[in-house]
Amino acid sequence: LGFVQIVNNAAMSLIVWIGAKQVIDGDLDAGDLGTYVVMSLQIGFGATQCAHLYSAVMKAVGAAERTFEMIDRYSRIPSYGGDQHMQCMDISDALSERDLVRDVKGFEGRIEMDHVCFAY
């Protein structure tokens, strides 16, 4: 991108330098020199835009590659809930609500929150 701008500035300097010498010598009109300067500016802006577009496309390709790497990665965390399989039950087959409840050893029936902080 910087190289394109250097080339644009060098070309503009060269056009103005040679054009000014030709205007002084009477070989070129000042209006014609202005036309060449404007045309070279248009070409330079076009080249700069192409360089910007190429840069943006390359950034997008890199981001897409990284995104697909993240999507295709294999997770070390099992999708079934840790080190044991989850058991799915059809609740329509349950005899009572008590059949759906698991017994937890060491549970006292209360929950205590200590040193808990919520923030946005």
Quiz item: Restricting the search to segment 20-54, which residues are out of contact with any Gly (no Cβ under 7 Å at 6 or more places or on another chain), of a type in the set (Ser, Thr, Tyr) and either open to solvent by 80 Å² or more (accessible area, probe 1.4 Å) or in contact (Cβ under 8 Å) with a residue 40 or more places away in the chain (or both)?
Solution: 48, 54
Quiz item: Residues 52, 85: which one is modelled with pLDDT of 90 or more and not small (Gly, Ala, Ser)?
Solution: 52
Exercise. State yes or no: is residue 60 modelled with pLDDT of 90 or more and at negative phi?
Key: yes
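The values are calculated or read from the model by the stated rules, or taken from the named source; none is laboratory data. Everything numeric here is computed off the predicted structure, so don't read it as measured data. All Cβ positions, glycine included, derive from the backbone under ideal geometry; neighbour counts span all protein chains shown. The protein model used for the area step is the full one, side chains on, heavy atoms only, and it has no ligands, DNA or RNA in it. Shrake-Rupley method; radii C 1.70, N 1.55, O 1.52, S 1.80 Å.
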